[in-house]
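The values are calculated or read from the model by the stated rules, or taken from the named source; none is laboratory data. None of the values given here were measured: they were computed from a predicted structure. Counting neighbours? That spans all protein chains shown, and the Cβs are built from the backbone with ideal geometry, glycine included. Side chains included, ligands, DNA and RNA excluded: accessible areas come from the protein's heavy atoms. Shrake-Rupley method; radii C 1.70, N 1.55, O 1.52, S 1.80 Å.
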Amino acid sequence: MSNPEFIVAVPARFSASRLPGKPLRLLGGEPIVRHVVRRALASGAAEVVLATDDARIAEAMAGLAVRVCMTRNDHPSGTDRLAECAEQCGWPDDALVVNLQGDEPFAPVAALQCVAATLAASAAPMATLASPITDTATLFDPNAVKVVTDASGHALYFSRAPIPWHRDRYASDRVTAPAAPCLRHIGMYAYRAGFLRVFQSLPPGRLEQLEALEQLRVLEAGHRIAVALSPAAFPQGIDTEDDLLRAEAALRDA
């Protein structure tokens, strides 16, 4: 795939139930969000934008070549926050926008480039990434979101449950390696800017609320999501104090 022009937008809100003030927590002596923005800048994006609801997070961007967009503090998701950002920044409808979550300080640069290229090559309004599942612990972990795709590489469904369900194998064996090709969803998205506005107008879906997965709102409304395999391993993001400790150790060992 060719390398299209794209924007990286980093949504970062101050409030977080499991790790309060997460964007400003220190990792290697710097706020987590600065590490994330540097990953975005390294991707070759035409523009990097931080979408935040807190002046302290905006101030943490000092010295970085990033545009700061101050957004409301009542957005239910990062995607909704980026929809407001798209309006403020005046991005054209066909602009490619990569959503890099503000708690992903080790996101591979190749993954940002891949999800943008996947969207550019597709007629879908949205794209995301996945990686193969090779162990049943991950397959049966409800915190590891799974995705199944159609023959053209578009998402059929996302679930916290093990999908596809190999009826005969799992009736007797849930210990050995997964019986069929299974994909773990990686929560990195790319959208056409115009679709961010569409997404914001969609009501929460029934399946979205059952699984607590906002991407299901898109499928329930009849839109497609292109899925590509991540070209690089995607380290775990930072959601808890334990995650932060692991990230510190990973940074020291790098």
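Summary of values
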| item | result |
| --- | --- |
| Cα gyration tensor shape of the stretch 1-114, rounded if a/c is under 1.5, else prolate or oblate by comparing a/b with b/c | oblate |
| Potential lengthening between Asp74 and Val109 on full extension [0.36 nm per residue; Cα-Cα distance subtracted] | 9.6 nm |
| 5 angstrom amide H check on Leu50, placed H, neighbours 5+ away | Val10, Arg67, Val68, Cys69 |
| Theoretical gain in end-to-end length, Arg174 to Ala46 [0.36 nm per residue, Cα-Cα removed] | 41.5 nm |
| Total charge dipole magnitude, the stretch 80-194, about the Cα centre, Cβ charges on Lys, Arg, Asp, Glu only, Debye to nearest 20 | 420 debye |
| Prolate/oblate/rounded call for the stretch 75-124, Cα gyration tensor, a/c under 1.5 rounded | oblate |
| Cα-centre dipole for the chain with unit charges at Cβ (Lys and Arg positive, Asp and Glu negative), debye to 20 | 180 debye |
| Residues with amide H under 5 Å from that of Leu27, placed H, sequence gap 5 or more | Ile32 |
| Listed peptides 235-248, 99-112 by packing density, highest first (mean Cβ within 10 Å) | 99-112, 235-248 |
| Prolate/oblate/rounded label for the stretch 143-254 (Cα gyration tensor, a/c 1.5) | oblate |
| Cα lying deepest toward the dipole's positive end in the chain, options Trp91, Thr138, Ile7, charges on Cβ | Thr138 |
| Antiparallel bridges, percent of DSSP beta bridges restricted to the chain (to nearest 5) | 55 percent |
| Between the stretch 33-79 and the stretch 181-206, the Cα center-to-center distance that results, in Å | 20 Å |
| Accessible area per residue in Å² at 1.4 Å probe, computed on the stretch 1-123 | 41 Å² |
| Estimated 222 nm signal from helices in the chain, with DSSP H stretches of n ≥ 4 weighted -39500 (n - 2.57), rounded to 500 | -9000 deg cm²/dmol |
| Rounded percent of accessible protein surface that carbon and sulfur make up, the chain, 1.4 Å probe | 52 percent |
| Contour excess over end-to-end distance, with Cα ends at Glu241 and Leu210 and 0.36 nm allotted per residue | 8.4 nm |
